[in-house]
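Accompanying notes for the structure given below.
Where a number appears in this text, it was derived from the coordinates with a stated rule and is not lab data. In this text the structure is predicted, and so the values were computed from the model without any measurement. Glycine gets a Cβ as well: all are built from the backbone with ideal geometry, and neighbour counts include every protein chain shown.
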Amino acid sequence: MDIALIVPGGISGGVATVFQNLCRGLLIEGFNVNVISLDGKNSSFFSNICDDILKCRRLMEQDLALYIGSIPYPSHVFAKSVGVPVALFIHGYVYHELFKRMLRGTGLKTRISAAIQAIMLNIANYLNTIDLYVCPSLTVCEINKISRRYVLLPQWLFPEEFEIPKASSDEIENSVVRIVTYTSYEVPPRLLNTTHLIALTRKLERMVKRKFELIIIDPRAPRECISSTSPNIKVIRYLPRPEFLSLLASADLYIERGIDEDLGRTILEAMALGTPVAKLTHPIYWDRQDFNEEDMILASSFRELAEKIAEYINNIEHYRPYYSKRGRDFVLAKRTWDAVKKPLLEALKSIANKQ
């Protein structure tokens with residue numbers, strides 16, 4: 001099957017990684033992948049649109065068009081008109097991010113482009129021009145007003161990419177317990193923010209018997225957080241990816257900041273590297289999880305999270321080897337390409353066969 005992946009210029013971070021891994025996965029499955037890269041100079045949405053229109057005729061030769069980046073560009077209307085089914089990969093809380101740029105974006109051009117993107121997505125939803133939405137979780141579907149024609153594709157890894165050696169439990173037995181947490185530049189609404197984590201640390205200081213440090217990596221961290229008076233907190237706005245992976249591999253615990261059922265790439269990387277993880281999931285998302293308390297330190301309230309992390313730190317020699325193995329086993333069983341690919345492949349072939 002010939003499939004076109006339409007990729008806007010200027011994508012980076014998690015979206016770029018998902019795109020690269022999706023290309024790799026589809027090639028493994030025997031798809032003939034044609035990447036159409038849009039020329040978004042300086043991440044310009046308007047130059048992406050112009051290049052998209054100029055390249056739309058290339059879609060005539062494809063069996064399916066899959067748009068990366070959560071926005072259906074104008075060429076998808078042309079694709080539909082010539083009988084090419086259209087799929088759209090939704091990467092996150094799109095409306096939340098667009099409305100935030102409309103209200104707080106730097107410069108009029110940024111705000112206008114965000115408004116146009118929101119309108120384009122609304123029009124596509126209203127006119128039913130998208131044959132299939134690809135979402136990482138059910139919550140992402142709901143928050144983006146998607147109630148039908150969707151397939152869930154959780155974040156996944158190719159575990160062989162992550163072979164950074166970890167310190168043994170003997171090496172860390174008498175050292176400071178290192179806890180790491182991270183958030184991307186785009187901050188979703190369902191998140192433990194940096195001020196929450198500082199409050200968590202202050203709780204732990206009263207509950208933990210041994211030395212620990214919390215390293216918070218947050219590109220949007222407020223200045224007052226960076227200059228936090230607590231000696232147990234270190235806030236960093238940026239860390240190059242190789243250094244971040246090394247830090248993640250050497251950490252004793254990773255705290256996931258999302259509170260819905262979705263597991264982002266970073267928590268999967270931590271688990272694949274053998275780093276135990278802790279996660280707070282709001283009770284309304286509990287039934288949607290495909291993981292449990294055997295796989296990670298799991299809590300349904302802020303207080304419970306603090307208590308369980310304190311218990312983990314105070315007895316780290318016992319808990320760390322257990323959660324390290326369970327987390328890695330979870331990724332290998334449920335978050336590799338082979339584990340998540342079947343619903344996506346069936347959905348893509350289904351919409352292609354209907355044409």
- Rough spin-label spacing in nm, given labels placed 7 Å along Cα→Cβ, for SER301 and VAL77: 5.2 nm
- Among all the lysines, which ones have a C-alpha under 21 Å from LYS349's C-alpha, if same-chain residues fewer than 8 places away are not counted? LYS80, LYS341
- Task: With a cut-off of at most 16 other beta carbons within 10 Å, and DSSP calling the residue loop, which trypsin sites (Lys or Arg not before Pro) in region 276-355 qualify? Please list them.
- Result: LYS354
- Item | 21 Å Cα-Cα threshold exceeded, pairs from LYS209/LYS308; LYS308/LYS334; LYS100/LYS145 | LYS308/LYS334
- Message: Counting other C-beta atoms within 10 Å, and keeping those with at most 16, which DSSP coil GluC sites (Glu not before Pro) do you find in region 5-108?
- Response: GLU29
- Item | Cα gyration tensor shape for region 204-324, rounded if a/c is under 1.5, else prolate or oblate | rounded
- Task: Would you calculate, for the chain, the mean residue ellipticity at 222 nm contributed by helices, counting each DSSP H stretch of 4 or more residues as -39,500 (n - 2.57) and dividing by all residues, to the nearest 500?
- Result: -13500 deg cm²/dmol
- Note on the structure: Length gained, VAL35-LEU332, 0.36 nm per residue minus C-alpha separation, equals 104.1 nm
- In order over region 321-336: 3J(HN,Hα) from phi, Karplus 6.51/-1.76/1.60, θ = phi - 60°, whole Hz, x for each Gly or Pro, gives x, 5, 5, 4, 5, 5, x, 5, 4, 4, 4, 5, 8, 10, 9, 9
- Note on the structure: Correct response: the longest run of the chain lacking exposed chymotrypsin sites (Phe, Trp or Tyr not before Pro), defined by DSSP loop and at most 14 other Cβ within 10 Å, is 1-184
- Query: How about region 95-156: which trypsin sites (Lys or Arg not before Pro) there are in a DSSP loop, with at most 15 other Cβ atoms within 10 Å of their Cβ?
  - Reply: LYS145, ARG148, ARG149
- Message: Given a Förster distance of 22 Å, report the FRET efficiency between ARG104 and PHE46 from their Cβ-Cβ distance, rounded to the nearest 0.05.
- Response: 0.65
- FRET efficiency estimate (nearest 0.05) - Cβ-Cβ, LYS209 to ARG241, R0 30 angstrom: 0.30
- Note on the structure: Length gained, GLU61-MET1, 0.36 nm per residue minus C-alpha separation, equals 20.5 nm
- With +1 on each Lys and Arg Cβ and -1 on each Asp and Glu Cβ, how big is the dipole of the chain about its Cα centre, in debye rounded to the nearest 20? 1060 debye
- Message: I want to check the label-to-label distance for LYS354 and ALA16. Put each point 7 Å from Cα in the C-beta direction and report it in nm to one decimal.
- Response: 3.5 nm
